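Worksheet for the structure shown next.
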Amino acid sequence: SALLSGSFRISGSVQLSGSGVQDATVRIIRQSDNTSAVTQSASDGTYVFNLVSGSYHVMTEYTSGSINYNSLSQWDVGSV
């Protein structure tokens, strides 16, 4: 994806009840043109996107057995 070729970064950690969540789906959408990218969280719940500069919408999803979890989506997340 063209988003993933930049030198700016958005990173974080997906947590459930205080513990990192492995294999949660993390999606980002660049707000200027709706271009998107997806990654999975690592074993400790962390994720990193290396991006072009811009404002992004970030959201996460995770399924454990028959339970689906969705985070509050975050708008206007800036890359640093």
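The values are calculated or read from the model by the stated rules, or taken from the named source; none is laboratory data. The shown structure was predicted, so the numbers you read here are calculated from the model rather than taken from an experiment. Heads up, the Cβs are rebuilt from the backbone with ideal geometry, glycines too, and the neighbour counts pull from every protein chain shown. Accessible surface is based on the protein model in full, side chains and every heavy atom, while ligands, DNA and RNA are left aside. Shrake-Rupley method; radii C 1.70, N 1.55, O 1.52, S 1.80 Å.
Numbers for the structure displayed
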quantity: Principal axes of the chain: Cα extent on each, largest first, Å; calculated: 35, 20, 19
quantity: Full-extension gain in nm, residue 27 to residue 53, via 0.36 nm per residue minus C-alpha separation; calculated: 7.7 nm
quantity: Ranked packing of 46-59, 65-78, 7-20, most packed first, by mean Cβ within 10 Å; calculated: 46-59, 7-20, 65-78
quantity: Accessible area of region 2-80 belonging to carbon and sulfur atoms, whole % at 1.4 Å probe; calculated: 46
